Amino acid sequence: RIEDAIAQVTGLIFLGKEKEALQAQQEISHQPWWDESTQVASYALLKHFAAVCHARTGDIAQAKSLWNEALEQHPDLEVAEQNLQDIRMPASERNGVWPLSLYELIPSRWLDKIRQGQSERATIDITKPLSNSYIERICQLGDKTTITLGETLLLKRFEGGDLETKPILIALLEGRQGNYKERFSFSSQLLEAGVIDRQDPINLWDGEQPQKIQVKGNLINNKPKPTTLTLKQQSKMAEALDAFRNGDIPCAKRILKKLCDETNDASAWGNFAATYEKTGDHKKAEMLMKRAVKVDPDYLMGRCNLAMFYIRRGDTDKAKELLEGLLDTEQLHIQEAITLYGAYAVLSAREGDLDRANTLLDSVQEMAEDYDETDRLQMYRNMVDVPLLDKFTGLFSRLAKGAEND
């Protein structure tokens with residue numbers, strides 16, 4: 001019977017046996033009772049299940065085709081329509097496919113009580129019969145609502161002393177269900193609850209591949225930052241940075257000057273400033289870095305680098321103004337993280353707190369090694385040498401004296 005077929009395929013999907021579910025469905029379609037002209041909704045549901053299996057095994061094109069067939073057969077099959085909409089989203093915004101809605105995974109009478117405004121304690125009591133393993137599995141297969149409820153229940157159980165939930169919560173954080181932004185938010189909840197530590201490396205799925213991040217109140221990764229530059233302008237920026245790294249500063253200056261004139265982009269101004277810093281023209285470099293921050297007051301690299309000018313000449317109050325609030329930035333590229341933590345480390349050293357300075361730098365050491373950014377980090381370690389800072393304070397005071405008025 002079709003009902004038995006649905007139960008068999010559903011069970012295989014829940015066990016994570018998508019290939020076996022597809023094979024079973026193929027065999028079912030050759031049974032003598034198979035007749036898609038009857039019980040249309042049931043046959044459409046089986047096509048939806050097949051689409052889920054294809055999507056979870058990487059055949060997105062076939063999954064889309066089957067969802068479209070299911071909707072042609074039964075236009076009111078919401079779960080198929082919702083999955084089709086989700087799979088069309090950019091990879092980082094996808095939830096991940098799901099076979100069933102929350103109301104088909106948890107008794108509706110429980111959900112009705114929860115929806116009627118029961119207290120948190122009552123919600124926990126209502127769902128107590130659900131095992132941790134079952135909640136984990138429905139989160140791995142669920143839509144956004146299912147994931148939110150399941151993770152909340154597991155987190156409350158952890159806070160109530162159920163340590164069995166800790167590895168489950170971490171596995172869900174690193175899993176593929178739920179979009180990147182939601183995983184990101186969930187990591188903060190786990191950090192606050194003590195499930196994970198600030199030093200724990202986490203592999204966060206971005207919709208296409210795992211991204212190694214570190215949760216420090218910030219999430220640190222190496223995902224490219226959004227840019228307003230065109231592809232051609234990005235290519236020119238890359239050319240300028242290559243020239244800078246290879247020591248051809250005049251070439252880098254020419255390209256960056258043109259980019260600044262064309263785009264008035266904060267990162268272009270910031271990199272242009274770096275070329276003057278490299279050649280020892282600190283006054284010009286500071287003037288250009290101020291321009292970068294003026295163009296985009298939220299430009300983190302610019303604010304950190306401008307703060308460094310003030311730190312070097314002993315004006316820690318102005319440096320603090322520029323750095324204020326930046327440690328609350330939720331998501332940082334690894335280069336931003338090193339620059340931000342480095343600036344705070346040098347500021348701490350300038351104020352005599354070497355322990356905090358070294359702790360800040362140590363906290364990003366592993367990430368710097370993972371992403372080949374140890375040279376950048378070492379630059380800040382060198383600056384944390386207080387006698388060295390003292391040596392340069394007078395020099396920067398003289399060289400940059402007029403820069404404040406630019």
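The values are calculated or read from the model by the stated rules, or taken from the named source; none is laboratory data. What you see is a predicted model; the values in this text were computed from it and never measured. FYI the Cβ positions are ideal-geometry reconstructions off the backbone, even for glycines, and counts take in every protein chain you see.
Tabulated data for the structure shown
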{"read-out": "Single condition E18 does not satisfy, out of (1) at pLDDT below 90; (2) touching a Ser or Thr at 6+ places or on another chain (Cβ under 6 Å)", "value": "(1)"}
{"read-out": "Contacts under 6 angstrom Cβ, first residue in segment 1-19 being within 15 Å of A55 (Cβ to Cβ), partner of a type in the set (F, W, Y) and modelled with pLDDT of 85 or more, 6 or more apart", "value": "V9/F49"}
{"read-out": "First in segment 290-301 and part of a helix (DSSP H, G or I), second anywhere and among the basic types (K, R), Cβ under 7 Å, 6 or more apart", "value": "V293/R303"}
{"read-out": "Residue count, segment 316-325 (criterion: over 26 Å from the mean Cα position of the chain (by Cα) and surrounded by fewer than 23 Cβ atoms within 10 Å (Cβ to Cβ))", "value": "5"}
{"read-out": "Selection count where residues are in contact (Cβ under 8 Å) with a residue 40 or more places away in the chain and farther than 15 Å from I334 by Cβ, scope segment 349-375", "value": "1"}
{"read-out": "Check on E330, in contact with a Gly (Cβ under 9 Å, 6 or more places away or on another chain) and outside the structural domain of K290 (by TED's automatic domain parsing)", "value": "yes"}
{"read-out": "Residue ranges of helices (runs of 4 or more DSSP H) in segment 28-108 with at least 3 members at pLDDT below 90", "value": "40-56"}
{"read-out": "Test: residue in segment 41-53 that is under 35 Å from the mean Cα position of the chain (by Cα), aromatic (F, W, Y), over 20 Å from G175 (Cα atoms) and crowded, with 16+ Cβ neighbours inside 10 Å", "value": "yes"}
{"read-out": "Residue, nearest to the chain's Cα centre (by Cα), within segment 275-315, restricted to residues that are among the small types (G, A, S) and buried (at least 22 other Cβ atoms within 10 Å of the Cβ)", "value": "G302"}
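Rundown of residues vs (1) modelled with pLDDT of 80 or more; (2) of a type outside the set (F, W, Y); (3) at positive phi, yes/no style:
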| site | (1), (2), (3) |
| --- | --- |
| K320 | yes, yes, no |
| L326 | yes, yes, no |
| T329 | yes, yes, no |
| Q335 | yes, yes, no |
| D362 | yes, yes, no |
| T374 | yes, yes, no |
| Y380 | yes, no, no |
| T393 | no, yes, no |
| A403 | no, yes, no |
